[in-house]
Each structure stands twice: as structure tokens, then as C-alpha cells.
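Below is one structure, written out as C-alpha cells; the observations come after it.
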Amino acid sequence: MEAKIIFISSFMLLLIACTNKAEENNNVALEGIQKHWQLGTKDTTLVEKVGNSFVKYHLQGDSIYRLEWGNEKVNNTSKDTFKVLGCGILSLIDNDENTIILGQNCGISCIYYVILPLTPKSKERTYLFAKAYNLEKNLVAYIPDEDDFFVRVENFITGQYMNIKEENVCMAYFKGDCIDSIYFSDENIIIKWQGKEWSNDKSDPKEKKIKIKLD
């Protein structure tokens with residue numbers, strides 16, 4: 001069965017709108033967290049229902065917050081705190097019975113995921129420059145910090161990962177900008193990008209289908 005495909009080009013759906021309305025209730029149950037987020041919200045707990053699970057955003061002042069998540073059997077609290085960026089906070093991307101994925105734009109060419117496993121005593125996992133995910137197989141693809149590698153595929157439950165190297169990549173300052181699309185398909189990851197011959201008036205499309213091998 002082909003795995004769910006996520007195209008990051010559609011990630012603009014995650015942008016969080018600002019409102020000017022003051023929030024009086026300090027414990028708001030939400031259908032969508034973005035409906036109640038606003039500039040100036042502080043010292044507040046926002047609660048988002050996610051199926052039979054939940055995510056709580058514990059705002060400390062108006063610039064940082066801590067996450068709490070779980071269900072009837074699980075209750076976890078993030079080890080890290082998160083900064084309020086621009087006019088918004090993390091928003092729900094996807095979920096199943098085992099995992100909740102939050103995400104947010106964090107600047108030009110920067111999208112990050114915060115993955116919340118629905119198992120007791122689990123720690124959140126944060127991925128900057130995220131590109132794609134597969135909930136069914138617990139996989140995430142992202143651009144690693146190391147310049148030696150093009151893409152990293154990681155199992156966000158076990159922490160096992162594989163690095164993908166590629167020399168024929170466009171000369172953009174950030175290598176992630178060279179990627180046109182990336183997605184999981186069955187046991188593979190498909191990457192389409194622009195090679196070294198790319199310029200403003202000339203494309204240089206490349207494509208690879210890579211078998212995912214995690215020890």
C-alpha cells in the first residue's frame with residue numbers, strides 16, 4: 001500500500017492568523033488552535049482536542065510556552081519550551097492513534113515539526129527544515145545541519161536514521177531550496193530537485209527514488 005504523501009509546498013495552510021479580540025477565558029477548548037490565538041495572549045492555557053487526544057499550550061508570559069499532550073492513558077509534558085514566532089504558535093498538521101504532529105513556518109525556507117508520541121513518558125521530537133513525513137511508518141525527512149548530506153530520513157520513534165548524499169545540487173545558499181518535491185512511497189523516498197546547471201532562466205531537474213534502510 002502506498003504511504004501517505006505530504007508536499008511541503010502546501011505548508012502555507014499552517015500559517016496562523018492574528019486577531020485583535022481580547023481573550024477573557026484562560027482555559028479555552030479549541031476546534032482549531034488558530035481560531036483563538038492572538039497577539040498579547042499570555043499566562044494562558046489553550047487546549048486543542050485532537051480526536052480522543054489533546055494538546056495543551058501553556059503560555060508563560062507572551063513569548064514562550066510549554067506543551068502538554070496525551071489521552072485517557074497518557075499525559076506527557078515537553079522537556080523544552082517553544083518561542084512564539086511572528087503572530088502564531090504551533091498548529092496541528094496530522095495525527096493518528098500513536099502520534100500527533102505539530103508544525104509551523106519559522107522563516108524563509110524554514111518549516112519545523114514537533115512530533116508528540118502518544119506513549120507514556122515520551123519526549124517531544126523537534127525537526128527544523130522538515131520536508132515530509134509518513135505517520136504509518138513513523139518517518140520524517142528533513143535537511144540536516146551537516147553540509148555533507150542532502151536529506152536525512154529518520155524514524156521519529158526509535159531515532160534511527162539514514163543520510164542521503166548528493167553532489168549535483170543547485171548553488172542556492174540553503175540546499176533545501178533546491179528541492180522541488182519530496183515524498184514517501186512504499187519503502188522508498190522520492191526526491192525531485194534542481195541540479196548544478198540550474199539558473200533563473202534554465203532548469204536542471206533531477207530525480208531519485210531511494211530505498212529506505214534503517215538499522
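The values are calculated or read from the model by the stated rules, or taken from the named source; none is laboratory data. As the structure is a computational prediction, the values presented were derived from the model and not from experiment. For neighbour counting, all protein chains shown are included, and Cβ atoms are generated from backbone atoms with ideal geometry for every residue, glycine included.
Side notes on the structure shown:
Here is a yes/no grid of residues against (1) in the same structural domain as E124 (by TED's automatic domain parsing); (2) touching a Gly at 6+ places or on another chain (Cβ under 8 Å); (3) part of a strand (DSSP E or B); (4) under 30 Å from L118 (Cα atoms):
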position	(1), (2), (3), (4)
N168	no, yes, no, no
M171	no, no, no, no
D177	no, no, no, no
S181	no, no, yes, yes
F184	no, no, yes, yes
K209	no, no, yes, no
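- Of the candidates I100, I89, the single residue that is in the same structural domain as E48 (by TED's automatic domain parsing) and out of contact with any Leu (no Cβ under 6 Å at 6 or more places or on another chain) is I89.
- Only strands (runs of 3 or more DSSP E) whose full extent lies in region 17-131 are considered here, and the ones with at least 3 residues that are modelled with pLDDT of 85 or more are 45-50, 53-60, 64-70, 75-77, 91-95, 99-107, 110-117, 125-127.
- Members of region 37-94 that are of a type in the set (K, R) and over 20 Å from L135 (Cα atoms): K42, K56, R66, K73, K79, K83
- Scanning region 186-207 for residues that are part of a strand (DSSP E or B) and surrounded by fewer than 12 Cβ atoms within 10 Å (Cβ to Cβ) gives S199, K202, P205, E207.
- Matching residues, region 150-176, being crowded, with 16+ Cβ neighbours inside 10 Å and closer than 22 Å to D204 by Cβ: F150, V151, I164, E166, V169, C170, K175, G176
- Evaluation of Y127 against (1) out of contact with any Gly (no Cβ under 6 Å at 6 or more places or on another chain); (2) farther than 30 Å from V74 by Cα (one fails), failing number: (2)
- E72, sole failed condition from (1) surrounded by 14 or more Cβ atoms within 10 Å (Cβ to Cβ); (2) farther than 15 Å from C106 by Cβ: (1)
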